[in-house]
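Visitor: Okay, handing you the structure first.
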Amino acid sequence: MDLQDKDAVANIDWARADKKPPRTHELKWKLISPDNPDSFANKLRSTRFRQFEAMVSRLPRPVKILDVGGRAIFWENSGWAGRGDVEIFSLNLVREAERYNNIKSLVGDATDLSEFADGSFDIAFSNSVIEHLFTFENQRRMAAEMQRVGKAFWVQTPNFWFPIEPHFLLPGWQWIPESLRVFLVRRWKCGWLGPYPEVAAARNAVKEIRLLDKAELKTIFPDATLIPERFFGLVKSWTAVGGF
């Protein structure tokens, strides 16, 4: 479920090669690239991850984690790759090359984890994935599966009411009519995505991202604690946490 657009793939190559990105992408690389450990977005993510580490520190070792929609580079940037006390199963639509003994790559569907028994993992983890499922019903199904397979769960997602949409990077993007969003992304690159000249591809890109608000998260994670991440006083993202 993780975004795999050409910019993100290029960022992985730049990070591994320790090179600067092309000039046209330099600002995004510095500010918001998930694959640049020094980006502003990753500094916010690091603060959030310290909360996760504090909760995990209470659990007996080894800790078994299912990362739904994640990639190994997230754990590498967080300093968890290669650790002997943590076993991570990274589940995505496409299998990754395995570069660390403690990170296993799986192929699967976030809305159907039926291959795993109830409570198979100490933690069901997901970072900025549940908003990529097109519909609220799919999001509900993923939430139910995360709560079923994990003894504890940690699910982070951007806030619908934060004014800057984090994928298309335009103020108020999620609040404007769908037809206008399709029009824009057909003609211009918007954030990480586009342009998509074909109407079907543009509409698919727009429909894929469905941001959640606090009320919806409380509906699908009824027993969770919702932790806000604030930026200049506004809630940038929510993390639904339970079982720790």
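Values quoted throughout were computed directly from the atomic coordinates according to the rules given, and no laboratory measurement underlies them. This one's a predicted model, so the numbers in the text were calculated from it and none came from an experiment. Virtual Cβ from ideal backbone geometry, glycine too; neighbours counted across all protein chains shown.
Visitor: Based on the Cβ-Cβ distance of E198 and E137, what FRET efficiency does E = 1/(1 + (r/R0)^6) give at R0 = 22 Å, to the nearest 0.05?
Guide: Taking R0 as 22 Å, the efficiency between E198 and E137 is 0.25.
Visitor: To continue, here is another question. Roughly how many nanometres apart are two label points built 7 Å out from the Cα toward the Cβ at S57 and E98?
Guide: About 3.1 nm separates the two model spin labels.
Visitor: Using per-residue counts of other Cβ atoms within 10 Å, averaged over each peptide, order 181-194, 110-123 from highest down.
Guide: My ranking of the peptides, most packed first, is 181-194, 110-123.
Visitor: I would also like to ask the following. Can you tally the net charge around F244? Count Lys and Arg as +1, Asp and Glu as -1, for every other residue whose Cβ sits under 13 Å from the Cβ of F244.
Guide: Working: positive: R58, K151; negative: E53, D122, D223.
Summing Lys/Arg as +1 and Asp/Glu as -1 gives -1.
Visitor: Which peptide among 200-207, 72-79 comes first, and what is the full order, when sorted by highest mean count of other Cβ atoms within 10 Å?
Guide: Highest-to-lowest ranking by the protection proxy: 72-79, 200-207.
Visitor: Once you have the Cα-Cα distance between F232 and K64, take 0.36 nm times their residue separation minus that, and quote the gain in nm to one decimal.
Guide: Value of the extension gain: 57.0 nm.
Visitor: Residues with beta-carbon under 11 Å from that of V182, excluding V182: net charge, scoring Lys, Arg +1 and Asp, Glu -1?
Guide: Overall, the nearby charge balance is +3.
Visitor: S120 to K207: FRET efficiency via 1/(1 + (r/R0)^6), r the Cβ-Cβ distance, R0 35 Å, to the nearest 0.05?
Guide: On the way: r = 31 Å, r/R0 = 0.90.
So the FRET efficiency works out to roughly 0.65.
Visitor: Which peptide among 55-62, 84-91 comes first, and what is the full order, when sorted by highest mean count of other Cβ atoms within 10 Å?
Guide: Working: 55-62: 12.8, 84-91: 18.9.
Most protected by this proxy first, the peptides run 84-91, 55-62.
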